[in-house]
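The values are calculated or read from the model by the stated rules, or taken from the named source; none is laboratory data. Remember, it's a predicted structure, so these values are computed and weren't measured experimentally. Cβ coordinates were reconstructed from backbone atoms using ideal geometry, including for glycine residues, and neighbour counts include every protein chain displayed. These area figures cover heavy atoms from the full protein model, side chains too; ligands, DNA and RNA do not enter into them. Shrake-Rupley method; radii C 1.70, N 1.55, O 1.52, S 1.80 Å.
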Amino acid sequence: MTDISTTLTDIDFLQEKLDFSEISPVDFENLVFHLLDEMGFANLIWRKGGEGNSATDGGRDLEGTFWTILPAVSKEEKYWFEVKYRTNQLEKTQVQSAVLNAAGNNSKDNVVIITNKTISNPTLDWIKEFQDTNKRPAVTVWQGHDLELLLRKNPRTLAKFLPSSLAFSGRCKVIKSKFSNLMLLPAGGELDELWKREKNTRMIPI
């Protein structure tokens, strides 16, 4: 996949729900890595996944840090990310395993479980019960709908991994950026669409 350097806005994206099934589990991991980088997380490294990870997880998860700048104080917090790609709802046992593994690592301030799907209400209840008696690490879950909101706020990652989410204006910006910055010509299908759009535009009476 190719990096782009351009500014995309809301009108450059289709408003339909994102379809994460378009990408593979490995690309989903890479999407999360690039999203975290775009959001400002630093010192991102892959690590071997904990026991119980399925083959679709790729056996890799992430560590990183994030600086919070406040008027009175600035602090760096350490994050532990568990990436869980699923075709169905994420299992409660996997969430429990991820949280307990992170809790056993005293150097982490936060654990974030990221899935393209959802988790059940009983699983959310378990997380709340755990948090009531364990203040550290702080546990956060990014379900598919949360991930969609974050991606729309960080459109470079969205355009890179889910280009089908782009409206025609967005695709034009990406094509222009690839040519200007990387000297990459449009693909055949992209040229066909550009030509078709141009012809339709010229046929519209003024």
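Tabulated results
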item	result
Amide proton proximity set for residue 23, modelled H, under 5 Å, gap of 5+	none
Computed label-point distance, nm, for sites residue 69 and residue 153 using a 7 Å Cα→Cβ extension	1.7 nm
Where labels lie 7 Å past Cα in the beta-carbon direction, separation of residue 107 and residue 78 in nm	0.5 nm
Cα gyration tensor shape of the stretch 101-158, rounded if a/c is under 1.5, else prolate or oblate by comparing a/b with b/c	oblate
Residue 136 accessible area, 1.4 Å probe, all protein chains in place, Å² to nearest 10	120 Å²
Sequence-distant residues sharing a close amide H with residue 138 (under 5 Å, placed H)	110, 111
Calculated FRET efficiency for the pair residue 42/residue 164, C-beta based, R₀ 25 Å, to 0.05	0.25
